[in-house]
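Let me begin by presenting the structure, written as structure tokens, before commenting on it.
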Amino acid sequence: MTKFSDLDLDPRVLQAISEAGYETPTPIQAQAIPEALKGRDVLGIAQTGTGKTASFTLPMITLLGQGRARARMPRSLVLAPTRELAAQVAENFDIYAKHTKLTKALLIGGVAFGEQDKLIDRGVDVLIATPGRLLDHFERGKLLLTGVQIMVVDEADRMLDMGFIPDIERIFQLTPFSRQTMFYSATMAPEIERITNTFLTNPARIEVARQATTGTNIEQRLITFTPTRKDRTFTEKRAVLRELIRAEGEACTNGIVFCNRKVDVDVLAKSLKAHGFNAAPIHGDLDQSQRTKTLDAFRDGGLHILVASDVAARGLDIPAVSHVFNFDVPSHPEDYVHRIGRTGRAGRSGRAITIAVPADDKLVKAIESLVKQEIPRGALPEGLDLAAAGSDRPPREDRRGTRDRDRDRSRGRDREPKKPRVEEAAVPVVVEAVEIEVEKPSAAAAAPAAAAAPAAAPARDERREPRREREDRRDDRRDRDDRREDRRDRRDRREDGPAVVGMGDHVPEFILRSFALPERPPADDSAAFEEEAPAEQPVHAEEE
Ligand code: AMP
């Protein structure tokens, strides 16, 4: 078996990895490091958890050991798709390079430009960046990429999902042709294949076994239920999730809840909080300091439930997560493997519980065919009354409790409890009647009602009706918002930038047409031309 000492790494790197407690190189390290040290391009087909970060960081540190950084001209560049992944690479670099004098800068969105500018001005050996922020610095004239000797692209398939490929191509073109490239992707989509064919030279292709099997130390369960009404799916899934978390009790020391859409991440986190859970969201639209704070709190145990999107949570190295809840069945089967792989790490046991509705059947089948096993089916938590779960609002005590806790927290007096309080575990799913606010009928409306129901108070069902209707409307609105958000997400990924705001979702077709300018009329009759020309002009410039 290969040992680190066989790999020709800088002795200072060897010392750092032995201090980190690594004994033997992982397969991707054993194969990629010797090739990289020879100066060859490397194409690594591997995903998080395989030790791929060290497979490019260790040879990079060794190769950069000689030479000095020049102002504004980083000697190497690592591109990662998300801020968290870039920050994680930077942390790894700090560990492995601690006995060297190499310098690094981390260029990620959400962090002020000033500090980053200062570091780059002084000159850095390693620049770790997300593509957008790197190009921002470049365009502001703060950075030259002509000194890059080694360039790493990490998680290229995620870059593709996020629409970063044009940025990556541009960055490749800004670096010298003679650079060494190390390129990592978990899958080789045709677009990724094209990029590697274009920008890598005779790469050593190293593929490590796909982790398409799920760890045996992860206990999986699939809970399928049929919503009472289609438009209540989101609301009832939230009720199911709450009961599932409560049913896990003390065993759930912390958990990540995955949603397919980032708009749901926010709504779900708010809803969980309102129900007394210690939950917070993480997704790409939150500002960096908020994301870092949330992740730190989750790592330290101060946050019990992290509600996340795939992109935000992909590749995050959080060692002790007891539970993963899939609020949605992931649309890409590989994401199921990534998601549940957040638990059961480093030999610990973990639980992964997936909530599904009958419409998810195809997705479930796709996952089961990928992982080559059937996900064991589980039942809905006992006592869960879906029909009564139509309301998503917490019981009054919980609402008051949350407000009080928020106030205490803002006064710096309190931290939220790490897990749902014991009494919450016993709180059944909210029954609508608990939270009915009696609406004051208008005088005209009150008269017939009083005649029909001479009793002092109207019957419960009569009072419940308006709330139900309001909730139905709210659900409809939310569904519309979700669809709009999805469309916006898709538009934002397009190269032509976000759509113009102001016309709603419907843009009349004529607005999208180009207009031809008329040929310049003779000077003397221009006034008359301006009057008449518009009606005569052809609309399609391209067709002329
Ligand atoms: P990565 O795939 O780069 O995200 O690495 C996953 C985890 O494996 C990280 O926590 C690394 O610290 C750890 N790791 C990387 N290489 C080794 C190794 N050779 N031995 C033990 N742990 C490692």
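Count Lys and Arg as plus one, Asp and Glu as minus one, and take only other residues whose Cβ is under 11 Å from that of Arg68; the net charge is then +2.
Could you tell me which of rounded, prolate or oblate describes the range 218-397, using a ≥ b ≥ c as the square roots of the eigenvalues of the alpha-carbon gyration tensor, with rounded for a/c under 1.5 and, failing that, prolate when a/b is larger than b/c and oblate otherwise?
Because its axes are fairly even, with a/c under 1.5, the range 218-397 counts as rounded.
Counting only lysines at least 8 places from Lys372 when in the same chain, those with an alpha carbon closer than 17 Å to its own are Lys362.
Each peptide among 23-30, 190-197 gets the average number of other Cβ atoms lying within 10 Å of its residues, and from highest to lowest they stand as 23-30, 190-197. Site pair Glu374 and Lys98 shows an inter-label distance of 5.0 nm when each label is modelled 7 Å from Cα along Cα→Cβ. Counting only residues at least eight positions apart within a chain, or on another chain, the lysines with an alpha carbon under 30 Å from that of Lys293 are Lys52, Lys98, Lys101, Lys104, Lys118, Lys142, Lys237, Lys262, Lys270, Lys273, Lys418, Lys419. Placing +1 on the Cβ of every Lys and Arg and -1 on the Cβ of every Asp and Glu, with nothing else charged, gives the range 4-207 a dipole about its Cα centre of roughly 800 debye. Taking label points 7 Å from Cα along the Cα-to-Cβ direction, Arg122 and Glu250 give a separation of 5.0 nm.
Of the chymotrypsin sites (Phe, Trp or Tyr not before Pro) found in the range 124-200, those in coil by DSSP whose Cβ has at most 13 other Cβ atoms within 10 Å are Phe177. For the range 4-207, build the charge dipole from Cβ charges (+1 Lys, Arg; -1 Asp, Glu) around the Cα centre, then report which of Met182, Pro74, Met162 sits farthest towards its positive end. The residue sitting farthest along the positive end of the dipole is Pro74. Here is the list for the range 280-367: trypsin sites (Lys or Arg not before Pro) lying in DSSP coil, each with at most 16 other C-beta atoms within 10 angstrom of its C-beta, are Arg348.
In the range 237-371, a dipole from Cβ-located charges (positive for Lys and Arg, negative for Asp and Glu) runs towards its positive end, and of Val329, Val364, Ile245 it is Ile245 whose Cα lies farthest in that direction.
Counted over the range 4-207, the DSSP beta bridges are approximately 5% antiparallel.
The numbers here are math on the coordinates, done by the rules we state, and not lab data. Treat the numbers as computed from the prediction; the structure is a model and nothing was measured. Virtual Cβ from ideal backbone geometry, glycine too; neighbours counted across all protein chains shown.
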